1. Give the residue, chosen from 90, 94, 65, that is modelled with pLDDT under 95, over 20 Å from residue 125 (Cβ atoms) and in contact with a helix residue (DSSP H, G or I) (Cβ under 6 Å, 6 or more places away or on another chain).
2. Would you call residue 109 farther than 18 Å from residue 5 by Cα, in contact (Cβ under 8 Å) with a residue 24 or more places away in the chain and surrounded by fewer than 21 Cβ atoms within 10 Å (Cβ to Cβ)?
3. Of all residues in segment 82-134, which are small (Gly, Ala, Ser), farther than 18 Å from residue 54 by Cβ and in contact with a Lys or Arg (Cβ under 8 Å, 6 or more places away or on another chain)?
4. Quick check on my filter: what residues within segment 122-153 are of a type in the set (A, V, I, L, M), farther than 21 Å from residue 69 by Cβ, part of a loop (DSSP other than H, G, I, E, B) and at pLDDT 90 or above?
5. Just give me the residues in segment 41-75 being over 23 Å from residue 12 (Cβ atoms) and surrounded by fewer than 18 Cβ atoms within 10 Å (Cβ to Cβ), in sequence order.
6. What are the residues in segment 93-106 that are within 15 Å of residue 131 (Cα to Cα) and either touching a residue at least 60 places away in the same chain (Cβ under 8 Å) or buried (at least 19 other Cβ atoms within 10 Å of the Cβ) (or both), if any?
7. Mind listing whichever residues of segment 17-40 are surrounded by fewer than 16 Cβ atoms within 10 Å (Cβ to Cβ) and within 19 Å of the chain's Cα centre (by Cα)?
8. Taking segment 112-121 only, how many residues are in a helix (DSSP H, G or I) and surrounded by fewer than 21 Cβ atoms within 10 Å (Cβ to Cβ)?
Amino acid sequence: MSRYSGDRSFPPYAFVPGEHPHPTRDPQGHSYGRAQESLASAFAWGVDLYNHRYPWEAHEAWEDLWRAEVPDSADAALLRGLIQCAAVCLKVRLGRHDAARRIGGRALGHLEQASQGAAQTRGLALPEFTQRFGAWLDTCDVDGDGYPRIVLGQ
């Protein structure tokens, strides 16, 4: 699978509440005491984390970037939608499908808002990803291929 942020090492575990130490609050956490990701590289790092099944970590990578965006902009809607997609993936892994579908509906709305007038944002083909994520959300399939990957530069 393509990487977008270079060859930086992934954390030793994908955080799942109740299964692992909290990454940033617990001294045993994989990111405890580490500096925040620079905004310039946060988007690509978040995509890599998401694509390699680190949804909590992807959410964290994108959150500061989202907060720095102009409210109600297409980029803010994109980031908010992707953050919620990552949350959905974690909810599905925890078996909380009703919560996943509720959050997923909001995520799809933000992605659709971000794609108004633009076929691509930050290199992501939004209509195609939104369709694939929505179809996956209908099944919440954690077997098979799992949740849809983000492909940039199509």
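The values are calculated or read from the model by the stated rules, or taken from the named source; none is laboratory data. All values derive from a computational prediction rather than experimental measurement. Note that we place each Cβ from the backbone using ideal geometry, even for glycine, and neighbour counts take in every protein chain shown.
1. Just one listed residue meets the conditions, 90.
2. yes
3. Within segment 82-134, just 99 meets the criteria.
4. Within segment 122-153, 151 is the sole residue that qualifies.
5. Listed by number, the residues that qualify are 67, 68, 69, 70, 71, 72, 73, 75.
6. 104
7. Within segment 17-40, 17, 22, 24, 36, 38, 39, 40 qualify.
8. 2
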